[in-house]
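The values are calculated or read from the model by the stated rules, or taken from the named source; none is laboratory data. Everything numeric here is computed off the predicted structure, so don't read it as measured data. Because the Cβ atoms are built from the backbone with ideal geometry, glycine has one as well, and the counts that use them run over all protein chains shown. Note: areas computed on protein heavy atoms with side chains; ligands, DNA, RNA excluded. Shrake-Rupley method; radii C 1.70, N 1.55, O 1.52, S 1.80 Å.
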Amino acid sequence: MTHFSTFSELSAYMDRLGLFRMDLTLGRMEAFWAVRGQPDIPVVHVVGTNGKGSTAAFLTSLARAHGQKVGTFTSPHFVTPRERIQVNRRMLSEQAWLELANEAMTVPGAEDLTYFEFQTCLAMLAFERAGVDLAVMEAGLGGRYDATNVFAPGLTLFTPIGMDHEKILGPTLSDIAGDKAGAIREGGVALTGPQEPEAMIRLQERAEAVRARLVYAVDAADPVDHVRLGLRGIHQTTNARLALAGWRWFAAGRSLRTDHDTERFGLESAFLPGRFQSVNLDGREIILDGAHNAHALVALNAAIRAEGVRPGKLVFACLRDKNLTDMLPLIRTLTEGPILVPAMHGERAADNRAIAAAIGGRASASESLQAALDAEPELSGPTLVCGSLYLLAEFYILNPRFLTA
């Protein structure tokens, strides 16, 4: 039986599991929890393409504002996997991770878990140990066979579904939505934000097939346009309204008191790094946004225009498995200034010179993120950094103080 003595040993083990090794079944997770026994914790499952992390952050903040102890599981992380598991918005210590990992390894079959499955199990063990009142579980890339879908949530929230991970989930929006719709549980309740018609049809079909109730967030929560949300961007009103609908549904089901002033405080105090986050770096404004597909870039463009932001330059990079073609026209409209494409490292990194050539015109390759940030300092307007969460991760490694509120 594997036993970890240090967090470094645990980190090395998780690295060997392979961050991108995927085997989309629930068999290993079901076997683990059949032996271990599932904790009796209310779960809200957050599924979709874009806005999952933001919706989870808003829901966490709303529940905390009303006195609930909340466990939150999100992905990916920027600097350390410890970011993925939080209790009341605080990361667990390295020692706590060690204890949880060693506990998990006593369960037969634990060594067969994938990277994401292993961390999902650690999250639920952590939430049981902490005695949380609510576990907010963000799905990874799918729905039906996502590791988080083993916990039979009492409520499933669907953020907007768009094109992403086509090689895994399918080539069309209907295929992708069909996989994510699989997260709707037999006889369960699902709340959805606005969806493209093809996606909404798949959600409706799945709900009908499993006799579940599908509720529209606009019917369950008031607009939040009047609230100064903790996360910037006009698109965040959609995520916040979905989270508010989810909180009200959860609270009603457990006879918890909720009121407008506390709800407002919860929405205003939400925090999540890398979501239209503005930071001051040595006197320069940097805007960090995790937009990494066409659907998210449309939202980012809308946020920029709604807030009257005029980026002086854009620092952009993406992974080679992303659909760059669909992103190109959107990238070019993010700034009228130069577009710098820094080299990134890792097995999924794309050739920055090829990306710059595809963008054309004002785009050029840069040797590193730091070099891109330092280039042309005389330009007016903020620097926008987007295109890949791994690009943002490089920024936070260089500037870790911006990773927390």
Next on the checklist: Filter region 266-280 down to the residues that are part of a loop (DSSP other than H, G, I, E, B), in contact with a Lys or Arg (Cβ under 9 Å, 6 or more places away or on another chain) and either open to solvent by less than 10 Å² (accessible area, probe 1.4 Å) or aromatic (Phe, Trp, Tyr) (or both) and list them by number.
Outcome noted: Phe271, Phe276
Next on the checklist: For the structure I just gave you, tell me whether Ala354 is within 28 Å of the chain's Cα centre (by Cα), open to solvent by 20 Å² or more (accessible area, probe 1.4 Å), free of Cβ contacts under 8 Å to residues at least 60 places away in the same chain and within 21 Å of His295 (Cα to Cα).
Outcome noted: no
Item to check | Only listed residue being open to solvent by less than 40 Å² (accessible area, probe 1.4 Å), modelled with pLDDT of 95 or more, within 25 Å of Val279 (Cα to Cα) and in contact with a Lys or Arg (Cβ under 7 Å, 6 or more places away or on another chain), chosen from Leu319, Leu340, Leu369 | outcome: Leu340
Checklist outcome for this item: Taking region 204-222 and keeping only residues that are closer than 29 Å to Gly274 by Cα, open to solvent by 40 Å² or more (accessible area, probe 1.4 Å) and modelled with pLDDT of 95 or more, one is left with Tyr216, Val218
Checklist entry - Across region 332-349, what is the number of residues that are out of contact with any strand residue (DSSP E or B) (no Cβ under 7 Å at 6 or more places or on another chain) and under 16 Å from Ser380 (Cβ atoms)? => result 1
Next on the checklist: When you scan region 362-380, do you find a residue that is within 16 Å of Glu285 (Cβ to Cβ) and touching a Gly at 6+ places or on another chain (Cβ under 6 Å), even just one?
Outcome noted: yes
Checklist entry - What are the residues in region 328-342 that are of a type in the set (A, V, I, L, M) and within 24 Å of the chain's Cα centre (by Cα), if any? => result Leu328, Leu330, Ile331, Leu334, Val341
Item to check | Top-ranked residue in region 388-405 [being within 19 Å of the chain's Cα centre (by Cα) and among the polar types (S, T, N, Q); ranked as most open to solvent (accessible area, probe 1.4 Å)] | outcome: Thr404
Item to check | Residues satisfying the stated conditions in region 136-164, i.e. within 20 Å of Val35 (Cβ to Cβ), of a type in the set (Gly, Ala, Ser) and surrounded by 24 or more Cβ atoms within 10 Å (Cβ to Cβ) | outcome: Ala147
Checklist entry - How many residues, within region 286-295, are out of contact with any helix residue (DSSP H, G or I) (no Cβ under 6 Å at 6 or more places or on another chain) and either open to solvent by 50 Å² or more (accessible area, probe 1.4 Å) or in a helix (DSSP H, G or I) (or both)? => result 1
Item to check | Candidates His345, His292 - the one that is without any contact (Cβ under 8 Å) to a residue 12 or more places away in the chain and closer than 17 Å to Tyr390 by Cβ | outcome: His345
Item to check | Candidates Gly283, Gly246 - the one that is open to solvent by 50 Å² or more (accessible area, probe 1.4 Å) and of a type in the set (Gly, Ala, Ser) | outcome: Gly283
Next on the checklist: Considering only residues that are assigned to a loop (DSSP other than H, G, I, E, B), modelled with pLDDT of 90 or more and over 14 Å from the mean Cα position of the chain (by Cα), which ones fall in region 147-165?
Outcome noted: Pro153
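For every residue, the table says whether it meets (1) over 28 Å from Ala405 (Cα atoms); (2) of a type in the set (A, V, I, L, M, F, W, C); (3) not in a helix (DSSP H, G or I).
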site: Leu297; (1), (2), (3): no, yes, no
site: Ile304; (1), (2), (3): no, yes, no
site: Gly308; (1), (2), (3): no, no, yes
site: Lys322; (1), (2), (3): yes, no, yes
site: Leu330; (1), (2), (3): yes, yes, no
site: Leu334; (1), (2), (3): no, yes, yes
site: Ala357; (1), (2), (3): yes, yes, no
Item to check | Sole residue being more than 24 Å from Ala405 (Cβ to Cβ), at pLDDT below 95 and open to solvent by 50 Å² or more (accessible area, probe 1.4 Å), chosen from Ile176, Ile201, Ile168, Ile234 | outcome: Ile168
Item to check | Members of region 176-230 found to be part of a loop (DSSP other than H, G, I, E, B), over 19 Å from Arg144 (Cα atoms) and not acidic (Asp, Glu), listed by number | outcome: Pro194, Ala221, Pro223, Val224, His226, Val227, Arg228, Leu229, Gly230
Checklist entry - Is at least one residue of region 122-131 touching a helix residue (DSSP H, G or I) at 6+ places or on another chain (Cβ under 7 Å), in a helix (DSSP H, G or I) and open to solvent by 50 Å² or more (accessible area, probe 1.4 Å)? => result no
Checklist entry - From the residues in region 372-387 that are in a loop (DSSP other than H, G, I, E, B) and small (Gly, Ala, Ser), which one is surrounded by the fewest Cβ atoms within 10 Å (Cβ to Cβ)? => result Ser380
